[in-house]
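Trainee: Right, I'll just put the structure down here and ask away after.
The values are calculated or read from the model by the stated rules, or taken from the named source; none is laboratory data. These figures come from a predicted structure and were not determined experimentally. When we count neighbours, we look across all protein chains shown, and the Cβ atoms used for this are built from the backbone with ideal geometry, even at glycine. Accessible surface areas use protein heavy atoms only, side chains included; no ligands, DNA or RNA. Shrake-Rupley method; radii C 1.70, N 1.55, O 1.52, S 1.80 Å.
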Amino acid sequence: MNEELRAAVDAARVRVAALHAELPRWGLVVWTAGNVSERVRAGGDGTDDLLVIKPSGVTYDELTPEAMVVCDLDGELVEGTGAPSSDTAAHAYVYRHLPEVGGVVHTHSTYATAWAVRGEPVPCVLTMMADEFGGDIPVGPFALIGDDSIGRGIVETLRGSRSPAVLMRGHGPFTIGPDARAAVKAAVMCEEVARTVHVARQLGETVPIAQGDIDSLYARYQGVYGQQDHTERRDA
Ligand SMILES: [Zn+2]
């Protein structure tokens, strides 16, 4: 590992450790569930990129920068004492297939997971959904842990979608972003809108926002806040 990559990995360790604290803080995880990762770019065509992720089965209080583990984009351990999170293969698959993605988050947050259990996309009925997700939050396929099927389901659902969140059926949300912080924000917002739309449903029918209004809300918000649509980034 050259000096530049060493520094980038160490900086990512600090960021990823700190961002894990946001998951319990926003009520998105229990026990040791949930994980945040960030890509460390090594230059070149991206095949030598690394990812920093939390180790498996470690409590949120123990997540120091030193405790984070570093893997290559095949999910193989490069650096660290603990075993990488059991979701590492899914994160690595996303980084291999969506080169513009710099951060991935996975939780089993209650309301988003409830929609995943129902197998129903969260309909875009809130302006903040148009802002953040540019439409419905889609549902991905049911997939078993242990091979590439979770990663493949995430990539197939989010490729060509504006949404940075996918609800994996019967499992829970995965979110992506240009960096780990953006993916954490998407996880927080995903849970928030899943909860609000669920509550609205208890009160009666929800009213859809017209596609033209969704498009202008999304364009304005993403422009004003300097964020780029990850589908546009891919084409850039
Ligand atoms: Zn999970």
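Trainee: Quick one: in segment 118-148, of everything that is within 14 Å of I214 (Cα to Cα) and not in a loop (DSSP other than H, G, I, E, B), which residue is nearest to the ligand (Cβ to nearest atom)?
Mentor: Per the stated criteria, the residue is I137.
Trainee: Would you say A180 is modelled with pLDDT of 95 or more and over 22 Å from A116 (Cα atoms)?
Mentor: yes
Trainee: Search segment 149-163 for residues being open to solvent by 20 Å² or more (accessible area, probe 1.4 Å) and in a loop (DSSP other than H, G, I, E, B), and hand back the single one that is nearest to V184 (Cα to Cα).
Mentor: Result: R162.
Trainee: Can you name the residue in segment 168-196 that is open to solvent by less than 10 Å² (accessible area, probe 1.4 Å) and farther than 12 Å from V105 by Cα and is also nearest to the ligand (Cβ to nearest atom) among such residues?
Mentor: The qualifying residue nearest to the ligand (Cβ to nearest atom) is M168.
Trainee: Give the number of residues within segment 48-59 that are under 18 Å from the mean Cα position of the chain (by Cα), open to solvent by less than 50 Å² (accessible area, probe 1.4 Å) and either within 16 Å of the ligand (Cβ to nearest atom) or over 18 Å from V104 (Cβ atoms) (or both).
Mentor: The qualifying residues number 3.
Trainee: Let me ask another. Please specify each residue of segment 19-47 satisfying the condition of being more than 16 Å from the ligand (Cβ to nearest atom), open to solvent by 30 Å² or more (accessible area, probe 1.4 Å) and in contact (Cβ under 8 Å) with a residue 24 or more places away in the chain.
Mentor: Passing the criteria: A21, E22, W26, G27, R41, A42, T47.
Trainee: Could you list, ordered by first residue, the pairs with Cβ atoms under 7 Å in which the first is in segment 104-133 and closer than 12 Å to G170 by Cα and the second is away from the ligand (no atom under 14 Å from the Cβ) and open to solvent by 30 Å² or more (accessible area, probe 1.4 Å), at least 6 apart or interchain?
Mentor: Going by the 7 Å Cβ cut-off, the qualifying pairs are A114/H198; A116/V139; G119/V139; E120/V139.
Trainee: Show me the strands (runs of 3 or more DSSP E) entirely contained within segment 67-114 in which 2 or more residues are open to solvent by less than 30 Å² (accessible area, probe 1.4 Å).
Mentor: Result: 69-72, 103-106.
Trainee: Within segment 1-51, can you find the residues that are in a strand (DSSP E or B) and over 27 Å from A112 (Cβ atoms)?
Mentor: Within segment 1-51, V40, L50 meet the criteria.
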